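Structure first, then comments.
The values are calculated or read from the model by the stated rules, or taken from the named source; none is laboratory data. Predicted model, so just to flag it, every value in this text is computed and none were measured. Heads up, the Cβs are rebuilt from the backbone with ideal geometry, glycines too, and the neighbour counts pull from every protein chain shown. Remember, those area values only see protein heavy atoms, side chains included, never the ligands or the DNA or RNA. Shrake-Rupley method; radii C 1.70, N 1.55, O 1.52, S 1.80 Å.
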Amino acid sequence: MNIILLGPPGAGKGTQAARLVEERNMVQLSTGDMLRAARTSGTEMGQRVAEVMDRGELVTDEIVIGLIREKLEEGSEGGFIFDGFPRTLAQADALGDLLKETGQKLDVVIEMRVNDDVLVERIVGRARDAVAAGGTARADDNEESLKIRLMEYYKKTSPLIGYYHAKGNLRPVNGLGEIDEVAAEIGVVLDA
Ligand code: ADP
């Protein structure tokens, strides 16, 4: 099964993706994680994306589609979880083409619904926890970048809700519950 986890920053996509990897032998493809890995690699591409990410803006479609293409060619037995990708209509079209080219298909798009005030709380909390644990917060987990990330989401990513609804793939879940409750709801959708 190949699925997309769709939702604003802080919706819990990464948390739920990790559960699905554990429980269903799926492979998580998080473009956010891939880009954070690229930024520390010291490559020229890494440096270019670091600045954009820290501001909270989206990296170019070309770069993220390239990252996903490489992974899709490797294939996955339990299926892929796309986490944080696609984030634009162009990326969604590209994903459809790439899946077709590699003989795969998209099964379900899980829309994780949460309110904005919860998002801000969660992200500010995540930054605080990271610092409390002796680490450093993500460079884009500050209030200014968060505002831009939310605006990028509403302008460029939220149209994907209509796009996948029209394709018949969209399945909304309530992202406001406990981690286990959200996981259970996703499980019901995937087993339907
Ligand atoms: P979050 O969902 O918490 O915002 P991510 O880890 O998914 O965090 O993404 C962090 C940043 O990485 C984004 O703000 C953006 O700059 C970049 N990024 C991740 N995925 C994409 C994508 N598919 N297209 C463009 N930029 C992306």
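Values as computed for the structure displayed
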{"quantity": "Of the GluC sites (Glu not before Pro) in the stretch 61-170, those whose Cβ has at most 14 other Cβ within 10 Å and which sit in DSSP loop", "calculated": "Glu77"}
{"quantity": "Share of pairwise Cα separations in the chain, more than 28 Å, in percent", "calculated": "22 percent"}
{"quantity": "Cβ-placed point charges (K, R +1; D, E -1), dipole of the chain about Cα centre in debye, nearest 20", "calculated": "260 debye"}
{"quantity": "Cα-projected label distance for Glu144 with Arg69, points at 7 Å along beta-carbon direction, nm", "calculated": "3.5 nm"}
{"quantity": "Inter-label distance, nm, simple model (7 Å from Cα along the C-beta direction), Asp180/Thr60", "calculated": "4.7 nm"}
{"quantity": "Fully extended contour minus Cα-Cα distance, from Thr136 to Lys100, at 0.36 nm per residue", "calculated": "8.9 nm"}
{"quantity": "Dipole of the stretch 1-116, positive end: most advanced residue of Gly12, Ile110, Ala90 [Cβ charges, Cα centre]", "calculated": "Gly12"}
{"quantity": "Cβ-placed point charges (K, R +1; D, E -1), dipole of the stretch 1-64 about Cα centre in debye, nearest 20", "calculated": "200 debye"}
{"quantity": "Cut-off 15 Å (backbone N to label point 7 Å along Cα→Cβ of Glu77), residues of the stretch 23-60", "calculated": "23-28"}
{"quantity": "The chain: calculated mean residue ellipticity at 222 nm from DSSP helix runs of at least 4, using -39500 (n - 2.57)", "calculated": "-17500 deg cm²/dmol"}
{"quantity": "Solvent-accessible area, 1.4 Å probe, carbon plus sulfur percent, for the chain", "calculated": "50 percent"}
{"quantity": "Most positive-pole-ward Cα, Gly177, Gly187, Leu146, against dipole of the stretch 146-192 from beta carbon charges", "calculated": "Leu146"}
{"quantity": "Debye, to nearest 20: dipole size of the stretch 97-192, +1 on Lys, Arg Cβ, -1 on Asp, Glu Cβ", "calculated": "380 debye"}
{"quantity": "Sequence of Thr40, Thr157 when ordered by accessible area, the most exposed leading, probe 1.4 angstrom", "calculated": "Thr40, Thr157"}
{"quantity": "Contour excess over end-to-end distance, with Cα ends at Arg128 and Val21 and 0.36 nm allotted per residue", "calculated": "35.9 nm"}
